[in-house]
1. Filter the range A:195-230 for residues that are without any contact (Cβ under 8 Å) to a residue 40 or more places away in the chain and more than 14 Å from A:Pro150 (Cβ to Cβ); which is surrounded by the most Cβ atoms within 10 Å (Cβ to Cβ)?
2. For the range A:25-63, enumerate the residues that are touching a Gly at 6+ places or on another chain (Cβ under 8 Å), surrounded by 20 or more Cβ atoms within 10 Å (Cβ to Cβ) and under 24 Å from A:Asp106 (Cβ atoms).
3. Out of B:Arg174, B:Arg212, I need the residue that is at pLDDT below 95 and touching a helix residue (DSSP H, G or I) at 6+ places or on another chain (Cβ under 8 Å). Which one?
4. Check whether at least one residue in the range A:286-306 is free of Cβ contacts under 8 Å to residues at least 24 places away in the same chain and within 14 Å of chain B (Cβ to nearest Cβ), and report yes or no.
5. Take the range A:223-234 and flag every residue that is out of contact with any Phe, Trp or Tyr (no Cβ under 7 Å at 6 or more places or on another chain) and part of a loop (DSSP other than H, G, I, E, B).
6. Cβ-Cβ under 7 Å, sequence separation 6+ or interchain: first residue in the range B:287-307 and more than 14 Å from chain A (Cβ to nearest Cβ), partner among the charged types (D, E, K, R) and open to solvent by 40 Å² or more (accessible area, probe 1.4 Å). Which pairs?
7. With respect to A:Phe309, determine if the residue is open to solvent by 30 Å² or more (accessible area, probe 1.4 Å), among the aromatic types (Phe, Trp, Tyr) and in contact with a strand residue (DSSP E or B) (Cβ under 7 Å, 6 or more places away or on another chain).
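The values are calculated or read from the model by the stated rules, or taken from the named source; none is laboratory data. Not measured: the values here are computed from a predicted model. Positions of Cβ are backbone-derived with ideal geometry, glycine not excepted, and every protein chain shown enters the neighbour counts. We work out accessible area using only protein heavy atoms, side chains counted, and drop any ligands, DNA or RNA first. Shrake-Rupley method; radii C 1.70, N 1.55, O 1.52, S 1.80 Å.
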Amino acid sequence: MEKRLIKKNTLTGIAGKMADEFKVWAPVKQEENVIFSPLEKNEQPFFAYLNSKNAPKQIFFPHTETLMKYTSTPKGMVFAAEENKADKTVLFGVRPCDAHSFALLDMLFDQEKYKDQYYINKRNNTTVITLACVEPPYATCFCTSVDGEPVDDKGADILITDIGDNYLVEFVTPKGEKLANYFGETKADAAAETKKKEIAEKAKQAIKSKIPAHEIKPILDVNFENPIWATIHGKCLACGTCTWMCPTCHCFDISDEVKGNDGVRIRSWDSCMFPLFTKETSGHNPRTSQKERWRQRVMHKFKYYVDNFNAIACVGCGRCVMSCPVNLDIRKVVEDIAKIK
Amino acid sequence: MENIESKLREEAKRLLLEKRADIIVGYEKGTLPLTATPCFVSTEAEADKLVYNELCTQNLAKYVHDLITAHKNSQKRVKPEDRKKKVIGVVARGCTTRSLIIHLQERQYERDEVYIIGVPCEGYVDKKNLAKALDSAEIIDGNLDGLQLKIKTAAGDKTIAVSDVIAPNCAVCRFNNPIISDIMVGTPAPVKNPATEYDKISEFEKKDIAERWDYFTKEMEKCIRCNACRQACPSCYCPTCFAEQSQPQWVGIGEDKSDTQVFQCMRLFHMVGRCVDCGSCISVCPMGVDLRNYLKKIDKDCWELFGTRAGSSMEEMPPLGKFSEQDKEDFIYNP
């Protein structure tokens, strides 16, 4: 597909121009955090960021989402489907690992057997513009261990790479190409492409943190009852920070909130780290302690998702590593599992 | 601070060898530069991983409560005469011992179920203060050299004094040395600067209601309801938190602003006479919500109205656990 070159100081302007036509989600600075947020009128995006504090998954899979509404009337219940409208949206400047997470979430929410219209609708209406990592942002980045790369177009509609003097803009999908008119007229030459390849290779080599993510799959297959599971969770606080920050965690809970005669059915994020997770109506919980919950977290990412979709449900962004309040490092957990004989 | 690590390890080994403690909760080196993380030591060999320095942030009393509760639950189906006691050893500085006192006063366990290894405290390094001092440059590597942090960042090398990036609660700490202990490792550290502890709160009190409400709503909007604050807090030990009760459901699980505010308000009010200003809830918060402003206000009220400070003495009962005819009550009718 087509490739173009743009000047480096034009990015903010392009995002601003898009905001006239689309709802533009971009990184913005809020006090000490950089988070993805819809740009307000004349608000400046903050592209000089490493990565956002939390993953941008909430654009497609919000923390809380209304599924339907109902009212109790004398004639019985009246149900109303939620409108499920999605604005034309541009997600501007996600990192390749986060864009990769969209490709992974698609496997689940948009599969042959089950179609999640709430997710799909937002996903179809959103163009994802990835800003490649020409230098890995953090020492904790480990994308290359989980099928990612710092300069990568997985899950992206447009990929923007800093090639020194200019940005190289690559339109990856027809959806991305539709926005081509925002990116000037300068066609990219072969030299730009060569430069990008060099930069991509260098960035890949610069990722130093590595985990045996693929190697542990056969070990997990046969070690559900291994004593190692009793050794991981000791210091875990059972907070949901890791799962809330994670770009691929997608477990949810459905509940009804009723006020008088009116009720809404909402879907909200759930976390396998919470004691309430998988607790049944009877009061019984098949995952009785943090030990079983941690096993679930590891298994889901590195075994079950591989079994179901042939992909690891981790993109190596390192958010859980950096944000865990007690430094329970998933990289170390995976390394320890790899040592099981 | 004097290096007490070797003494601490020796002490831990002795306790395990003499079977005075079954497990010791302490700190070990973290996987990220300039971090320490909670750890559990149950063999002599493991004791060599113990560290103690200004990078140890968490209040370990939380784990003492968790371990004892888990043990007691496991003993429920054992005949009373066959029940075994488990002793938890804990590396405890001032605030940790205050939390232990609260647990003991609230009859969570007996004094002989916990073996307190007291350590002095110079205050711990606050992540946010450190990030500010480094202009948010990523820390590639670093080590602690006495009371100096030698740091290699993405933007070059830097040396920072621990005292410049100490946590705000530590800077005004009144109880940085253990209040109770079974053994003290190291000599008590000099007291900090508690005279200024309520300065910021007094300033905040002077603001009008609208301003205070704006600040509260702004802070609460940052909250993502991950529950890290509650989970890290040694005083939050309810088997089922009100926030997780479903009959009746006190707060919704969604993102509704008022649900978040109610959750945080309820937690804060449960901290009357029970918050020791250890800063754990603040250090674990991924979004940097200013909880301390409110916790410190509650602490100030408790001191001014009832003359008590949470967990400051074994003998003095907590304000909500005692009654005196002199108790102030006019504020109940006249806020």
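1. Taking the candidates together, the pick is A:Lys195.
2. Passing the criteria: A:Ala26, A:Pro27.
3. Result: B:Arg174 is the single residue among B:Arg174, B:Arg212 that is at pLDDT below 95 and touching a helix residue (DSSP H, G or I) at 6+ places or on another chain (Cβ under 8 Å).
4. Residues of the range A:286-306 free of Cβ contacts under 8 Å to residues at least 24 places away in the same chain: A:286-288, A:304.
Subset that is within 14 Å of chain B (Cβ to nearest Cβ): A:288.
There is at least one residue in the range A:286-306 that is free of Cβ contacts under 8 Å to residues at least 24 places away in the same chain and within 14 Å of chain B (Cβ to nearest Cβ).
5. A:Asn223, A:Phe224, A:Glu225, A:Asn226, A:Pro227, A:Ile228
6. Partner pairs satisfying both residue conditions: B:Leu305/B:Lys328; B:Phe306/B:Asp327.
7. Criteria not met by A:Phe309.
Yes or no, residue by residue, for (1) closer than 23 Å to B:Phe242 by Cα; (2) part of a helix (DSSP H, G or I):
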{"position": "B:Arg274", "(1), (2)": "yes, no"}
{"position": "B:Met287", "(1), (2)": "yes, no"}
{"position": "B:Leu295", "(1), (2)": "yes, yes"}
{"position": "B:Asp299", "(1), (2)": "yes, yes"}
{"position": "B:Trp303", "(1), (2)": "no, yes"}
{"position": "B:Ser324", "(1), (2)": "no, no"}
{"position": "B:Asp327", "(1), (2)": "no, no"}
